[in-house]
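What follows is a short report on a single structure.
The values are calculated or read from the model by the stated rules, or taken from the named source; none is laboratory data. Keep in mind that this is a model prediction, so the values were computed, not measured. Here the Cβ positions follow ideal geometry from the backbone for every residue, glycine too, while neighbour counts run over all protein chains shown. Protein only, heavy atoms only, side chains kept; ligands, DNA and RNA dropped before computing areas. Shrake-Rupley method; radii C 1.70, N 1.55, O 1.52, S 1.80 Å.
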Amino acid sequence: LTKMYFDFFKEKGHTLIPSASIIPENDPTVLFTSAGMHPLVPYLLGEKHPGGKRLVNVQKCLRTGDIDEVGDVSHLTFFEMLGNWSLGDYFKKESIKFSYEFLTSSKYLSLDKERLYFSCFKGDNEFAKDEESYNAWISEWVDPSHIFFLPRENNFWILGSGIGPCGPDTEMFYDTLKEPCGPNCDPSCSCGKYLEIWNNVFMEYNKKSDGTIIKLEKPNVDTGMGLERTLGVL
């Protein structure tokens, strides 16, 4: 699966880069690298990467934030996260198109489209509703009933420190075919019906230490797929 992922994105013009250390360098906000974007923060803020504007990698990660859930089908403390990156190049429509192709094409994962569900940021008093991502999924002929708008705690990503590059995200879920827990069951529910398999973060903003938020000159795409989260149910 890792090779398949690399091959797919290299075909789309991405440069394969190595995993960074699990011990962060020059980042006092975390003890361990807990997401693929940690080592790439300088480039998400505008520095040029030697690999170019399109990157793909698998990053060693260690998380303890959800340690109480470790041991079920979707949580591990140590795992490797696959990611593809656009540094000021393509944005939401292309990123969503790539993800959907990899998930559903018979050449790649060939997942049943009817078992895929999606979420987008519903907006709040600080950031606008992410209609662009919703429309990108619709353009891929996704059933509108399979797309949910969810609040910031579900569909907006920022570093654990609360500062740095940030933005709305769109997430992809696989229906495990469990019975819904109730009439309001959706991908934000923890009942186990919907399993998150991929997350595309659209880095449009930079939140400063004084709380001010500025729009990045060139927005970026940061995606993460944890293979252990799919292998538990496929």
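With the contact rule set at Cα under 8 Å and sequence spacing of 6 or more, what percent relative contact order holds for region 53-108?
Values: 51 pairs, mean separation 21.7, N = 56.
Value for region 53-108: 39 percent.
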Translational diffusion coefficient, Stokes-Einstein: compute it for region 120-176 using the Kirkwood radius over C-alpha pairs as Rh, at 10 °C and 1.306 mPa s, and state it as an integer in µm² s⁻¹.
129
Share of Cα-Cα pairs in region 1-91 lying beyond 20 Å, as whole percent:
42
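If we sort 15-26, 149-160 on the protection proxy, mean other Cβ atoms within 10 Å, highest first, what's the order? Show your work: numbers first, answer last.
On the way: 15-26: 13.2, 149-160: 16.8.
Per-residue Cβ counts within 10 Å, averaged per peptide and sorted highest first, yield 149-160, 15-26.
Got the relative contact order for region 25-161 handy, in percent, Cα pairs under 8 Å and 6 or more residues apart? Provide the component values of the computation, followed by the final result.
On the way: 149 pairs, mean separation 27.5, N = 137.
Relative contact order of region 25-161: 20 percent.
Could you grab the relative contact order for the chain? Cα pairs under 8 Å, six or more apart, rounded to a whole percent.
Details: 458 pairs, mean separation 46.9, N = 234.
Once normalised by length, the contact order is 20 percent.
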How do CYS166, CYS191 rank by accessible surface area computed with a 1.4 Å probe, from largest to smallest?
CYS191, CYS166
Burial-style ranking of 57-70, 204-217, 96-109, average other-beta-carbon count within 10 Å with highest first, yields 96-109, 57-70, 204-217
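Computed FRET efficiency, Cβ-Cβ of ARG152 and GLU94, R0 22 Å: what is it to the nearest 0.05? Don't skip to the end; give the middle numbers.
Values: r = 25 Å, r/R0 = 1.11.
FRET efficiency, ARG152 to GLU94: 0.35.
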From the Cα trace of the chain, what convex hull volume per residue do you get, rounded to a whole Å³?
128
Using a cut-off of 16 Å between alpha-carbon atoms, which lysines can reach LYS10, once sequence neighbours fewer than 8 places away in the same chain are excluded?
LYS53, LYS97, LYS107
Heavy atoms of THR77 accessible to a 1.4 Å probe, total area in Å² rounded to 10
40
